[in-house]
Amino acid sequence: KAATRTIVLGDNFFKPKTMTVRKNTILKFVWGPNNEGTIVEHNVTGVKGNKFTNGEDTTKPDAPYRKRITRTTSIVCTIHATTMTMKVRVK
């Protein structure tokens with residue numbers, strides 16, 4: 001079974017901003033603590049490495065967004081791309 005690591009989206013930040021995981025780790029993105037939501041809309045987009053998007057700009061998705069990571073990936077919220085970035089390193 002693959003490990004799961006949680007990333008919290010806050011208003012204009014990812015927490016943590018960087019992490020190192022093993023190949024095939026599942027990243028679970030939540031909007032605010034316990035996926036309770038954020039004040040403004042955000043999205044999750046892999047722009048280098050694994051390329052993906054959660055497919056919507058939202059303050060609270062129906063469920064956390066999950067993505068399996070197989071290589072080092074740069075992730076942004078395209079709404080706040082200058083301030084809301086993170087990097088996931090795969091070892």
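If the requirement is being out of contact with any Ser or Thr (no Cβ under 8 Å at 6 or more places or on another chain) and at pLDDT 95 or above, which of these qualifies: I39, I79, I26, I75?
After applying the criteria, what remains is I79.
Selection of first residues in region 50-61 that are farther than 14 Å from N35 by Cβ and of second residues that are among the hydrophobic types (A, V, I, L, M, F, W, C), restricted to Cβ pairs under 8 Å at least 6 apart or on distinct chains, gives the following pairs, ordered by first then second residue: N50/I69; F52/V44; T53/V44; D57/I79. Quick one: in region 80-91, which of the residues that are open to solvent by less than 60 Å² (accessible area, probe 1.4 Å) and touching a residue at least 24 places away in the same chain (Cβ under 8 Å) is nearest to G10 (Cα to Cα)? Step by step, filter region 80-91, then rank; the result is M84.
In region 21-79, the qualifying residues are those that are more than 25 Å from V90 (Cβ to Cβ) and among the β-branched types (V, I, T), and the one that is most open to solvent (accessible area, probe 1.4 Å) is I39.
Going residue by residue through region 68-78, is there one that turns out to be of a type in the set (S, T, N, Q), in contact with a helix residue (DSSP H, G or I) (Cβ under 9 Å, 6 or more places away or on another chain) and part of a strand (DSSP E or B)? Show your work before the answer.
Pass one, region 68-78, residues of a type in the set (S, T, N, Q): 70, 72-74, 78.
Filter once more, keeping what is in contact with a helix residue (DSSP H, G or I) (Cβ under 9 Å, 6 or more places away or on another chain): none.
Within region 68-78, not a single residue is of a type in the set (S, T, N, Q), in contact with a helix residue (DSSP H, G or I) (Cβ under 9 Å, 6 or more places away or on another chain) and part of a strand (DSSP E or B).
The values are calculated or read from the model by the stated rules, or taken from the named source; none is laboratory data. Quick caveat, the model's predicted, so the values are computed rather than measured. Note that each Cβ is placed from the backbone with ideal geometry, even for glycine, and that neighbours are counted across all protein chains shown. Only protein heavy atoms, including side chains, enter the accessible area calculation; ligands, DNA and RNA are left aside. Shrake-Rupley method; radii C 1.70, N 1.55, O 1.52, S 1.80 Å.
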